[in-house]
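The values are calculated or read from the model by the stated rules, or taken from the named source; none is laboratory data. Being a predicted model, the structure only gives us computed values, none of them experimental. Note: ideal-geometry Cβ built from the backbone for every residue, glycine included; neighbour counts use all protein chains shown. Side chains included, ligands, DNA and RNA excluded: accessible areas come from the protein's heavy atoms. Shrake-Rupley method; radii C 1.70, N 1.55, O 1.52, S 1.80 Å.
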Amino acid sequence: MFRPGAQRLRGLQLRSFPLRGSPGRPRSVCAREGEENAPLSAETRWKDRAETVIIGGGCVGVSLAYHLAKAGMKDVVLLEKSELTAGSTWHAAGLTTYFHPGINLKKIHYDSIKLYEKLEEETGQVVGFHQPGSIRIATTPVRVDEFKYQMTRTGWHATEQYIIGPEKIQEMFPLLNMNKILAGLYNPGDGHIDPYSLTMALAAGARKYGALLKYPAPVTSLKPRSDGTWDVETPQGSMRANRIVNAAGFWAREVGQMIGLEHPLIPVQHQYVVTSTIPEVKALKRELPVLRDLEGSYYLRQERDGLLFGPYESQEKMKLQDSWVTSGVPPGFGKELFESDLDRIMEHVEAAMEMVPVLKKADIINIVNGPITYSPDILPMVGPHQGVRNYWVAIGFGYGIIHAGGVGKYLSDWILHGEPPFDLIELDPNRYGKWTTTQYTEAKARESYGFNNIVGYPKEERFAGRPTQRISGLYKTLKSKCSMGFHAGWEQPHWFYKPDQDPGYRPSFRRTNWFEPVGSEYKQVMQKVGVIDLSPFGKFTVKGQDSVRLLDHLFANVIPQVGCTNISHMLTPKGRVYAELTVSHQSPGEFLLITGSGSELHDLRWIEEEAVTGGYNVEIKNMTDVLGVLGVAGPHARKVLQKLTSEDLSDGAFKFLQTKAFKVANIPVTAIRISYTGELGWELYHRREDSAALYDIIMNAGQEEGIDNFGTYAMNALRLEKAFRAWGSEMNCDTNPLEAGLEYFVKLNKPADFIGKQALKQIKAKGLKRRLVCLTLATDDVDPEGNESIWYDGKVVGNTTSGSYSYSIQKSLAFAYVPVELSKVGQQVEVELLGKNYPATVIQEPLVLTEPTRNRLQKKGGKDKI
């Protein structure tokens, strides 16, 4: 066990730092390099007008001020309630890593580290940046699979990452007990930085480029004005801002409440332990890499001649500071810590001592227990907020040090250029909504903290806080028959199981218990008729005298005629795909817009912003929680539905992409003849309270036709075979519609000057560098998911975007971006899956023709033409 020094700290009381040094001089908790940097004095100037006001002087807020000012924005003002780094920044452990299990956040981490490497030279401020690399340790076979899974997702990024064996691990970290170690995931360039010195260097840079950093200047009131500007009140006076950015850390909830928003954030107590000098560490000739023992759930790094390690305890043992949610952050709290609780983390301490035995004889000189802010899913909230004009957020950072540099650049680029510089949908603050209650936030924050180091499987589900109030009318009917997935607060069936099948959640990197049931659902839709709950779709109505003009400006496609539907895309000014929606013209000037569940408020914010800034006279309503949706698809779909309505559903009377309002067994529906399966089908929009009755009626009517349920996994397999693109995978803010193969939906010759039109013309004139292709590949027990590396001639040349098993040809199927010269049908490439490269072939798409196409060809020339 730890020597007596540990026991002396068990009674550590809540106290204010700095440690060591003169009163009022802020320090890093660990007193790393940069201690000699005296804090830059607060400004005495005041401005009555600002282009951007940033609220919060932690490393994230200061980074944004730095980036905006450096990019040339005048009148950037940062307001901090007490002093820079107060809150969570000052006591952070300061870890920096290129690694992230997601795709997009790797770019944020990369930008942060590249900035930190140059910041000292640029500003003259020491930042105490160490880059000894980092190693994630695998002690189980499934962890090795996870490392292989992450390697293929990194190959097409700039980040260096390698799987290394036990010998190399021991060479790099000679203090390890190697008994259980199977492999390591190594990132050169990882390390740690002094958070206080980093923030002061960013502050120096921000001032150098003209930003005003004002503190102490607590914001006491935020008042929106009719022209979209804000009046910002502080004890020093008021200031008018063209936009405000909430970067207030664990005070972000209070800032949001000033304007009627309840940001789903909660402070979490996180502890780390610092030892005194350890002779074996002091004797080393080079700094140890940062270690992450994933099964032990802790990080460990060298701190001078000792060690620092921080655990993530289980959700049962971790501690939320929930009183701050109900009663607010205590007045004056800024550079204080909570009482330490070594007992709470003791199992992780023991795991660390087993892995790094020199810890057993180490003295503890400090236990830091401070607040960090968690969102429900552990990811920060970054970007403009729906429903409030010119209000931006950069909040909920559980890992603010590694995110600060990249997020500052990302937000600065977005603010200055009017669109996000790359896809980062997972950080969209609008992924949450009214369904995100305090109880949900608490439950998910507990889960997210406790799951910090669990295995990251594809198709992962997490169950805390579920279900929310967002359940469709079918939830009670279906919940005992299927495996539900979580979509923007909704529960939606992923796959259905029969009484003799394993119903459990069995995550895996390989095919698992849902593989055969999904195959049965696929056949159900292809051969008979299936029903799917599509209620999580985002649904908006747009009407008014300028509705046509607004939508013609927003969408690259033409406006459908009354009674018709089309697929339309909203593009960014640079010609990238911001969103894909189904647009139905229900009656003259009245439209129903449908988007994916994860895009609901993301898309609505864009539409509302354009309507307001363009002065369009329209009424926009979010009908997502009002309307339920049932999809009915398969060759017998018409036969089943025709039994229930007097409306003529024949092919001649109700054509593909038409929309009509009628009754199905006395239940009013708006029906669109469309199906993401590519088979004959309708989407039936109805009052949410009618969902159960409508479902029962349809299921009873379809008994003779063998009707049954299907879920989103089967739908994904069906849409891939039809070569249907998915927003967020094949198209997003990283792609243009031409390379994504969406030319059919983009009308460059329509009169309206839609957003992105001019940029798209330039893209077309210059020619494409890459194209989306469809690949088939023969694997063993693993299928592509998306974001895997594509290899050709020994080099990574592209990436998959989504994938599945094709139950029709019994091979794997994937979409992928490859260079234009490798995009021809018949081209051979390789797809990396779990450490193995599988041969793949570019095929003519679609693999399976859609029902409307089959029907049309059959009318023209018989079955032999199909």
Could you grab me the full set of residues in segment 424-454 that are surrounded by fewer than 18 Cβ atoms within 10 Å (Cβ to Cβ) and over 22 Å from Ser88 (Cα atoms)?
Ile425, Glu426, Lys434, Trp435, Thr437, Gln439, Ile454
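Residues that are in contact with a helix residue (DSSP H, G or I) (Cβ under 7 Å, 6 or more places away or on another chain) and either small (Gly, Ala, Ser) or crowded, with 23+ Cβ neighbours inside 10 Å (or both): find the strands (runs of 3 or more DSSP E) completely inside segment 162-268 holding 3 or more of those.
Numbers: elements: 162-164, 183-187, 212-214, 221-224, 230-234, 237-246.
Filter on segment 162-268 gives 183-187.
Do we find a residue being in a helix (DSSP H, G or I) and either under 30 Å from Gly249 (Cα atoms) or assigned by the TED database to the domain that holds Val60 (or both) anywhere in segment 471-478? Working first, answer last.
If we filter segment 471-478 for residues that are in a helix (DSSP H, G or I), which is where we start, we get 475-478.
Checking which are either under 30 Å from Gly249 (Cα atoms) or assigned by the TED database to the domain that holds Val60 (or both) leaves us with none.
Checked segment 471-478: no residue is in a helix (DSSP H, G or I) and either under 30 Å from Gly249 (Cα atoms) or assigned by the TED database to the domain that holds Val60 (or both).
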Testing Ala637 on (1) in the same structural domain as Ala693 (by the TED database); (2) under 28 Å from Ala556 (Cα atoms); (3) of a type in the set (A, V, I, L, M, F, W, C); (4) open to solvent by less than 10 Å² (accessible area, probe 1.4 Å), one condition comes back false. Which one is that?
(2)
Pull out all pairs, ordered by first then second residue, where Cβ-Cβ is under 6 Å, the residues are six or more apart or on different chains, the first lies in segment 687-700 and is at pLDDT 95 or above, and the second is among the small types (Gly, Ala, Ser).
Arg688/Gly473; Arg688/Gly628; Ser691/Ser472; Ser691/Gly473; Ser691/Gly628; Ala692/Gly473; Ile697/Ala665
Which pairs have Cβ atoms under 9 Å, sit 6 or more apart or on different chains, and link a residue in segment 634-647 that is acidic (Asp, Glu) to one that is open to solvent by less than 20 Å² (accessible area, probe 1.4 Å) and assigned to a helix (DSSP H, G or I)?
Glu647/Leu641
When only residues in segment 95-135 that are over 23 Å from the mean Cα position of the chain (by Cα), in a loop (DSSP other than H, G, I, E, B) and among the small types (Gly, Ala, Ser) count, which is surrounded by the fewest Cβ atoms within 10 Å (Cβ to Cβ)?
Gly124
Whichever residue in segment 41-73 is in contact (Cβ under 8 Å) with a residue 12 or more places away in the chain and among the polar types (S, T, N, Q) and, among such residues, is farthest from Tyr116 (Cα to Cα):
Thr52
Return the total of residues in segment 343-361 being closer than 9 Å to Phe309 by Cβ and touching a residue at least 60 places away in the same chain (Cβ under 8 Å).
3
Going through (1) in contact (Cβ under 8 Å) with a residue 40 or more places away in the chain; (2) part of a helix (DSSP H, G or I); (3) open to solvent by 60 Å² or more (accessible area, probe 1.4 Å) one by one, Lys860 fails only at (1)
List, please: which pairs have Cβ atoms under 8 Å, are six or more places apart or on different chains, and start with a residue in segment 746-765 that is at positive phi and end with one that is of a type in the set (D, E, K, R) and outside any helix (DSSP H, G or I)?
Gly756/Lys574; Gly756/Arg576
Test each condition in (1) open to solvent by less than 10 Å² (accessible area, probe 1.4 Å); (2) part of a loop (DSSP other than H, G, I, E, B); (3) not hydroxyl-bearing (Ser, Thr, Tyr) for Lys285 and report the one that comes out false.
(1)
